[in-house]
Each structure stands twice: as C-alpha cells, then as structure tokens.
1. Examine the stretch 198-218 for a residue that is in contact with a Gly (Cβ under 9 Å, 6 or more places away or on another chain) and at pLDDT 95 or above, and state whether such a residue exists.
2. Looking at A235, A215, A157, A167, which one is closer than 20 Å to T131 by Cα and of a type outside the set (S, T, N, Q)?
3. Of the residues R184, R188, R222, R176, which single one is away from the ligand (no atom under 15 Å from the Cβ), exposed (fewer than 14 other Cβ atoms within 10 Å of the Cβ) and of a type in the set (K, R)?
4. Return only the number of the condition from (1) of a type in the set (A, V, I, L, M, F, W, C); (2) surrounded by fewer than 24 Cβ atoms within 10 Å (Cβ to Cβ); (3) without any contact (Cβ under 8 Å) to a residue 60 or more places away in the chain; (4) part of a helix (DSSP H, G or I) that L63 does not satisfy.
5. Go through the residues of the stretch 164-177 one by one and say whether even a single one is of a type in the set (G, A, S) and closer than 21 Å to V41 by Cβ.
6. Mind checking whether some residue in the stretch 108-123 is more than 14 Å from the ligand (Cβ to nearest atom) and not in a helix (DSSP H, G or I)?
7. Give the residues of the stretch 1-25 that are assigned to a helix (DSSP H, G or I) and either surrounded by 24 or more Cβ atoms within 10 Å (Cβ to Cβ) or near the ligand (Cβ under 8 Å from one of its atoms) (or both), sorted by residue number.
8. Identify, please: which residue in the stretch 26-43 is in a loop (DSSP other than H, G, I, E, B) and surrounded by 24 or more Cβ atoms within 10 Å (Cβ to Cβ) and is, among those, farthest from the ligand (Cβ to nearest atom)?
Amino acid sequence: MGILDQFNLSGQCAIITGAGTGLGREMALSLADAGCDIVGVGRRAGPIEEVGELIKAKGRRYLGITGCDVTISANVNDMVQQAAAGMGRVSVLINNAGLGGSGRGKTLPELTDEDWLSGIDSNLNSAFYCTRAIVPHMLENGGGRIINVTSGWGFRAGRNNWMYPIAKGGVIQLTRATAMTYARDNIRASCIAPGLFPKTEDTSILENIGPKQPAGRIGFLREMGPLAVFLASPAADYLSGTTVLMDGGAIAAGLLPAGIVPNAAG
Ligand SMILES: NC(=O)c1ccc[n+]([C@@H]2O[C@H](COP(=O)([O-])OP(=O)(O)OC[C@H]3O[C@@H](n4cnc5c(N)ncnc54)[C@H](OP(=O)(O)O)[C@@H]3O)[C@@H](O)[C@H]2O)c1
C-alpha cells in the first residue's frame, strides 16, 4: 500500500454531528473528498441539506438527519439507528456539535441550573450519548474510529467561564475512557482541539484576535479537514486516546488567558 493510500476512506461511512456549518461542514467535505460516505446531523434542515448537495456532487452517498438534538439521548439513539439502516456499516463518528458561550461572564452564584446543564449537555453529554449509541454498532461491525472535538478551553480555565472549559475538559477524558475501554476491539478514539476558527456570527471578533495569535492569524476552516481525514484513516490505526491541538501554537504560547483580569468578561 502506498503512503497516500493509507488516507483513502473509500467504502467508509462517517456520522458527523453539526455537519452543516463551520468545522463540521469542513470535515464532512474533506472526508467526502477522501472517499467517505457521510451522515450529516444537526437540528436545522438548511445547512444539513446544503452540505449534502455538495457531498453528493462529489459522488458520495449522503444521508442528512435533521431535527436531531444531540443533547437528547433518545434523539441520538434514533439517529444512529437511522444511519445504520440507511447506510449500512458506520465506521467513523465525529462528535463535533458544540456550543460555546453559555452563561459565560456570570459569577458563580449567578449561574442557574439551566446554564450549567445546557453548557454540559451541548458540549459533553452530546458526545457521550453519541459514543454510547455507536459503540455497539462498531463492536458488531469490526470496530471504528471516534473523533471528538474539544477546544483549547479543554486545557485551560478562565475567570467566570465555567461550563465550556469544564465540558471540553470532559471531552478529552471521554476520549481517553473510550480509547482504553475498547483498545482491543479495534475502536480508536481521538480528539481534536481547535484554536480559533471563524464562526459565522463572530468573525469580526476573531479577526481582531487573530493578529495576537502566535501565527498572526486565526485558523482557516479548510485547515481542519486534513487532520480529520488522517484521524479517520488507516494511517492513524495506532493512534488512540490522544488529543491533537490545531491552534497555530496558541496553547504552547499560553495565549488568550481570557478573563484573568478581575471583572473582565473574558
Ligand atoms: N470555531 C472555533 O474557533 C472553535 C474553537 C474551539 C472549539 N470549537 C469546537 O468545534 C466544534 C464546532 O464549532 P464551530 O465553530 O464549527 O461551530 P458552529 O459553526 O456553530 O457549528 C456547530 C454545529 O453544531 C450543530 N449543533 C449545535 N448544537 C447542536 C445540538 N444540540 N444538536 C445537534 N446539532 C447541534 C449546529 O447546527 P444546528 O444549530 O442546526 O443544530 C452547527 O451546525 C464545537 O464543538 C466547538 O466547541 C470551535
């Protein structure tokens, strides 16, 4: 097998949560370029259908599952059943859906139970539910690859920034627990920690922060695709339980200690 053949995902099928926008969309398109069929999952129909058209135009099979809230385990269980029924073997799961910002800047006593639960649901419980739902299918079908998406916030804390860093730290541990538990079942779990990449709603903020980054810029969405392809591919067969930072050196630099100044929202 030639070196580039090891990155070929032909015959594989990946479920990607939050596939319609941002990093999830980019990873879906890149996996499709590498030969993978895709199950795109999200709540809104528009983005999931739009990315589906692009994937089908590449000659891949595509199943869009919309109205699926991955913070609700019954939705997730249904989604995995639909994916297996529609596509056959699912060999890759990318737990990408997540939501920053919930309750950020509130002091600890101000945080409500709802703030706490919504942050943990969106960013940690969702990945746990998807992992729990797909593992039996992977065990029955010879294994698989689970790729979680954490954040630089999984490695650091910020003043009055509770749920997102705590949940994203949990995602790193979910990755390790999955990797260790299924290490002998050909299920590999890895994790991507993005630095700053543009999101539709806050591009201008990120552009302002970009020049302060070690690389002098934020990430381009297209830069996330090759890493996802690698982690999903046979080239990463011996890689498990680890988290790969894709952040232009931000964590290495200790950059963006947002919120360390007392009373700053950060
Ligand atoms: N962009 C960055 O700089 C950055 C940095 C570090 C980490 N990350 C992480 O990378 C991941 C993707 O972020 P992004 O920036 O690409 O965000 P994004 O553009 O807002 O995409 C998030 C996607 O997840 C879906 N989603 C959110 N909550 C969901 C739910 N409960 N059920 C089903 N789908 C849900 C959304 O679709 P619907 O709303 O239609 O459901 C959306 O397509 C997240 O886990 C985020 O924490 C991003």
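The values are calculated or read from the model by the stated rules, or taken from the named source; none is laboratory data. Just so it is clear, the model here is predicted, and its values are computed rather than measured. Don't worry about glycine lacking a Cβ; one is built from the backbone with ideal geometry, like all the others, and counts go over all protein chains shown.
1. Scanning the stretch 198-218, I find no residue that is in contact with a Gly (Cβ under 9 Å, 6 or more places away or on another chain) and at pLDDT 95 or above, so the answer is no.
2. Working: A235 fails: closer than 20 Å to T131 by Cα; A215 fails: closer than 20 Å to T131 by Cα; A157 fails: closer than 20 Å to T131 by Cα.
Result of the check over A235, A215, A157, A167: A167.
3. Working: R188 fails: exposed (fewer than 14 other Cβ atoms within 10 Å of the Cβ); R222 fails: away from the ligand (no atom under 15 Å from the Cβ); R176 fails: exposed (fewer than 14 other Cβ atoms within 10 Å of the Cβ).
Going through R184, R188, R222, R176 in turn, the sole match is R184.
4. So L63 meets the others, but not (4).
5. The answer is yes; a qualifying residue exists.
6. Yes; the residues of the stretch 108-123 include at least one that is more than 14 Å from the ligand (Cβ to nearest atom) and not in a helix (DSSP H, G or I).
7. Residues of the stretch 1-25 assigned to a helix (DSSP H, G or I): 4-7, 22-25.
Correct list: G22, L23, G24, R25.
8. Step by step, filter the stretch 26-43, then rank; the result is C36.
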